[in-house]
Each structure stands twice: as structure tokens, then as C-alpha cells.
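The values are calculated or read from the model by the stated rules, or taken from the named source; none is laboratory data. As the structure is a prediction and not an experimental result, all values here were calculated from the model. A quick note on method: Cβ atoms are made from the backbone with ideal geometry, for glycine too, and the neighbour counts reach across all protein chains shown.
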Amino acid sequence: MTTLREIEALLSAHSSKPPLAQWQPAISGDIDIHIDRQGTWYHEGGRIERQPLINLFASILRREADGEYYLVTPVEKWRIRVDDTPLLAVDMEIAGDCGQQKIIFRLNTGDWVALDRRHWLNGLVEHGASEPHPCLQLDHGLSARLTRSLFYRLVDVAERRGFELGVVSVGEWFSLGSYE
């Protein structure tokens with residue numbers, strides 16, 4: 001189990017992000033970048049292999065009120081296609097004990113995000129073909145879908161409260177669903 005200090009170090013090491021909220025350029029158009037359901041990035045039909053390039057693109061990505069995804073710089077804004085969620089939550093660490101427990105998720109970009117009031121879980125109810133679609137809400141309108149194996153790990157550490165299953169992180173209860 002990871003200590004709270006180690007988790008804080010992970011979070012602070014990845015806190016230097018571009019000021020996307022301050023950048024409001026006019027749309028420049030569409031760019032042939034596509035993110036498939038598995039979180040794989042493509043440019044003009046070819047898979048983007050360089051992880052640092054994917055991480056850079058992810059750092060300037062936001063979803064706007066129109067539901068579209070854009071790569072944004074101070075002077076340009078390019079619309080891209082996203083099949084499901086642009087990011088994946090691929091791992092998690094839990095620090096502390098029940099009263100002071102903190103759950104953090106590692107994204108496929110290497111960033112760490114704590115489960116808290118600002119970054120909550122949704123999509124745990126039925127979605128489409130009768131299975132949960134658990135997503136971690138992120139900044140700038142983005143979300144990261146929990147991989148199936150990660151969701152099962154989260155369920156394994158969940159606790160029951162009445163007919164509800166959930167987890168506690170940073171003193172908050174996050175429901176994973178009700179079971180009767």
C-alpha cells in the first residue's frame with residue numbers, strides 16, 4: 001500500500017498543466033485525429049506510437065459545451081473525434097486506512113488523479129448493452145473510463161452500506177451502485 005506522502009508527490013509532480021481555461025481561440029477546423037474506444041490515438045488513419053506525443057495532445061485536450069473534443073493552444077482550436085472517452089484509468093493506489101483513505105487512479109497518460117469531489121465516478125448504472133460504464137470525471141470536461149479489470153479491483157475493495165456498494169476516498173462516499 002502506498003503512503004499518503006507518496007500519493008501527494010505523485011499528484012504534485014503532474015500538476016503543471018497548460019492553462020486551457022484561459023485559452024479561447026476561434027475554431028481552426030477539424031484535424032484528422034481519432035481516439036478509439038480502447039484509448040488508442042490515430043492521426044490520418046495511422047496509429048500514433050509515441051507516448052510523449054499522446055501525453056502532449058492529452059494535456060491540451062478539452063471537451064466543450066457542444067459535446068465536441070478540441071485540441072487547444074493559445075491561438076488555435078482543432079476538433080478531433082473521440083469514440084467513447086479520450087482517456088483510460090488503468091491502475092489505482094489506495095493509501096491510508098478507512099477513515100483517511102485516498103484512492104488515486106493512474107491514467108493511460110501517466111497522470112495520477114485522486115477520487116474526490118472534483119473528480120468523481122459516474123456511468124455506474126446500466127449503459128447500453130447492460131454493463132456498467134464507469135468513468136472518472138476530470139478537468140476541462142474530460143473523463144477517463146476505468147478499464148474492466150480496474151473496475152473489478154475497485155469493486156473488490158468496496159464496502160456495503162445497506163443495499164449500496166461503494167468506496168470512501170478523502171472522506172467522501174462514492175457509490176458503485178445499489179444491490180437488492
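Give, as residue ranges, the strands (runs of 3 or more DSSP E) completely inside the stretch 13-128 that count at least 1 residues that are more than 27 Å from PHE174 (Cα to Cα). Break it down into steps so the answer makes sense when it comes.
Working: elements: 29-35, 41-43, 61-63, 69-72, 77-82, 87-95, 102-107, 112-114.
Ranges flagged: 29-35, 41-43, 69-72, 77-82.
List pairs: first in the stretch 56-83 and closer than 12 Å to TRP23 by Cβ and outside the structural domain of TRP112 (by TED's automatic domain parsing), second β-branched (Val, Ile, Thr) and surrounded by fewer than 18 Cβ atoms within 10 Å (Cβ to Cβ), Cβ under 6 Å, 6+ apart or cross-chain?
LYS77/ILE27
Test ARG79 against the criterion of being charged (D, E, K, R) and closer than 18 Å to LEU138 by Cα, and give yes or no.
On the way: charged (D, E, K, R): yes; closer than 18 Å to LEU138 by Cα: no.
Against the criterion (charged (D, E, K, R) and closer than 18 Å to LEU138 by Cα), ARG79 does not qualify.
Within the stretch 152-169, does at least one residue satisfy the condition of being modelled with pLDDT of 95 or more and more than 24 Å from GLY96 (Cα to Cα)?
Scanning the stretch 152-169 turns up no residue that is modelled with pLDDT of 95 or more and more than 24 Å from GLY96 (Cα to Cα).
Can you run down the residue pairs with Cβ atoms below 8 Å, 6 or more apart or on separate chains, where the first is in the stretch 154-176 and part of a loop (DSSP other than H, G, I, E, B) and the partner is modelled with pLDDT of 90 or more and small (Gly, Ala, Ser)?
So the pair list comes out as ALA158/GLY166; VAL170/ALA114.
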